[in-house]
1. What is the order of B:MET327, A:MET117, B:MET46, fewest Cβ neighbours within 10 Å to most?
2. Enter the angle in degrees (range 0 to 90, nearest 10) between the Cα long axis of helix B:84-103 and the first principal axis of the Cα atoms of chain B, meaning the one along which they spread out most.
3. With just the Cα atoms defining each centre, how far is the stretch A:131-179 from the stretch A:193-208? Give it in Å.
4. Tilt of helix B:234-251 relative to the longest C-alpha principal axis of chain B, in degrees (0 to 90, nearest 10)?
5. Hey, got a sec? Which chymotrypsin sites (Phe, Trp or Tyr not before Pro) in the stretch A:1-109 land in a DSSP loop and have at most 12 other Cβ atoms within 10 Å?
6. Would you please name the trypsin sites (Lys or Arg not before Pro) within the stretch A:182-249 that are DSSP coil residues with at most 14 other C-beta atoms within 10 Å of their C-beta?
7. For a footprinting-style exposure proxy, rank A:GLU317, A:GLU49 by other Cβ within 10 Å, fewest first.
8. Report the label-to-label distance for A:ALA287 and B:LEU313 in nanometres (one decimal), using points 7 Å from each Cα along the Cα→Cβ vector.
Amino acid sequence: MLADFSAETLARMQFAFTVSFHIIFPAFSIGLASYLAVLNGLWLKTRDETYLTLFQYWKKIFAVAFGMGVVSGIVMSYQFGTNWSVFSDRAGPVVGPLMAYEVLSAFFLEAGFLGIMLFGRARVGERLHMFATVMVALGTLMSATWILSVNSWMQTPAGYSVNADGQFVPEDWWAIVFNPSFPYRLVHMVLAAYLTTALVVGAVGALHLLRNRADPEARRMFSMAMWMAALVTPLQIFAGDAHGLNTLEHQPAKVMAMEGHYDSHPDGAPLILFGIPNAAEKRIDYAVEIPKLSSLILKHDLNAPLDGLDTISDDDEPPVAIVFWSFRIMIALGFAMLGLGVWSLWARWRGRLYDSPLLHRAALAMGPAGFVAVLAGWVTTEVGRQPFTVYGLLRTSDSLAPVDAPAVATSLIAFIVVYFFVFGAGTYYIARMMNKRPGALTIGLADGPIRTAGITPALQTHGPSKESRHGT
Amino acid sequence: MALDLAFIWAGLIAFAVLVYVVLDGFDLGIGILFPFAKTEGDRDLMMNSVAPVWDGNETWLVLGGGGLFAVFPLAYAVVMPALYMPITLMLLALVFRGVSFEYRWRTKRWKRVWDAAFFGGSFLAALCQGIALGALVQGIEIEGRAYAGGWFDWLTPFSVLTGVAVVVGYALLGACWLVLKIEDALNMQMRGYARLLGIATLVLIGLVSLLTPFQDPVYFQRWFSLPGSLWTMIVPVVMLALVWVFFTGLARGSDVTPMLAALGFFVVGFIGLGISFYPMMVPPSLTIWQAAAPESSLAFALVGAVILIPIILAYTAYAYWVFRGKMDPNEGYH
């Protein structure tokens, strides 16, 4: 079956597959690392054991998710070279140093302090343990910052010149790092990670509330998660809108595909809610649309003219149907999250936050929504950048490594088999841990790899008795 | 005089790769020795001895790859497609072994599966790294700015030999690490392995060293022409001294000396490779300066490296310090 595909298509499939799998883990661990820091901080401040129990619970889940993020991330750092070597040669001088900064400032920070955060509380004391927890959270955020700068530069390149070998040569690092789409993309992604985590935490809280409304840990985490959903979703919708306007300015073709605007609209473009993109006829079949609303959203003027894909050369047109659909999935989920947040506020105001099984079921159902929305959002922006790797400058077809199609096909199959097996197992283990109540003494068979000797937990003077009992 | 940034960066990348080899070397080595553990308790101890640090160790591999991408993009663009199969296999192997650190504690029925994944992943990753090294020493065919060979060029008897040498060498590091971290029966068992693996490693290093000068006439000249060979002869002399330290250390029951001497084998071997390679980044035709990114890239990345690498080394050392000392087998069972 794969024999019918070109090396380019196979390499693109492989990159899309491995990066999609990878982004799921950071999207979760960025938010969860911050949540752990908040939980540990609240435990130290209030000495309320509920926070400590929650910290211990989510810490173990974090360890598994983080491990999967690390190993799938190492793959990414080599795949630029193995499959996209011409891109690496050309764009390496610009994006390479940004990734080096990511490794130096973020990966080492996370890795160096992760061991202490997971296993070291009894050995280093509460203060240093808190410091390590904050460093892990900071590392995840720094990592997001650098990698989004890289991605944004590929979308909206700035601060470069091109030398005789066709390499992009950095001229102004400030302009490169803070390229036009970077601030928008960074805010949009970090909020997305926080929302994703909030929805997962909320779903786990809801699950345990459905079993026992009095469960103290379930109540605490559900309440915290619903505050996040209620407060962050409106911010995210606002940030997404700003990001969209920025995209309209710098990558109009992507917005045309998102909107499904094959044709130009000189006096006000309609907002197409639904429809079936028809690539052959270059139109949207069965379109359900609201007249002039697109112009209002994008230009803040009902009658503002909007160009369509008819103004773009066919060679430069992104695949419309994928972008059109993924964008709608993301938006629909965003509004569903808003609905959940508002519902939780209303229930909270009525004093029924912990006594509304219907709300809990909705929160449970929304648990994976963040992941789907993150993936849909990335599909929108990455496929919308096509047919370029560096927007407008370097075509995807010109970025490819000189590797034969059979080699790429073999590695693609290997990645698919291994990832589904390994990450399927990991997801199963995480789901099983989530299924256990946080207050239960252990959530796995053992509480994870247990540390070396030296200082016995009994020597701890101010540490939590509970943790010593758990080992870890 | 302007600083030679490309040269400084070649040194830094070499440093990152060396740190990776010695650090991840012993933790991959523990995976390679995993099937030889006699009890499940021993396996738990072995894995726990590296669990707090393995992630940091592996980050040096990302720095090696990411650093190459950043400052020698042409070398990265040539080497990765040339080593497509071994690199891809190594990455998949690292996936298996990396997740088994957490997974094997999360299941009873499948614990054996993740034990096997830990061994298989560690073994295959080490083998692929050794093969990649051998393939690089042999030289990589370049045309214009791209790899020009086929997708099985990396596979030769020489690269298989370097692959085996790295597997055995990593197992030696793993055995020495366990001698350092663990007491009683497992310590004695690993001490015995360390002696055998030490002999095997030295034989393999010797074979690779003998064959290397014949891979490229430039290497031969570097090692066997006066007056250069007066300097290069320091390498085998230091190696012989380390061999003496290693075996006497083992014999008198020291826990620390064998580990230090085994690390020394790798450092000296690495320096030997450096002597063969210089001034090539990718033998036989791509030099450090040809492969280097534009000056503005080198300078920008160097600022970060100069500030951050010392900090990284400091907190990495701290993390090792926190988890210092012998493992207590009683901690961790409830």
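1. By the 10 Å Cβ count, ascending, the order reads B:MET327, B:MET46, A:MET117.
2. 30
3. Measuring centre to centre over Cα atoms gives 31 Å.
4. On a 0 to 90 degree scale, this one is about 0.
5. Hits after loop and neighbour filter: nothing returned.
6. Qualifying residues, ordered by number: A:ARG213.
7. On the way: A:GLU317 18, A:GLU49 15.
In order of increasing Cβ crowding within 10 Å: A:GLU49, A:GLU317.
8. Reported label-point gap for A:ALA287 and B:LEU313 is 6.3 nm.
Coordinate-derived values only; no laboratory data. This one's a predicted model, so the numbers in the text were calculated from it and none came from an experiment. Because the Cβ atoms are built from the backbone with ideal geometry, glycine has one as well, and the counts that use them run over all protein chains shown.
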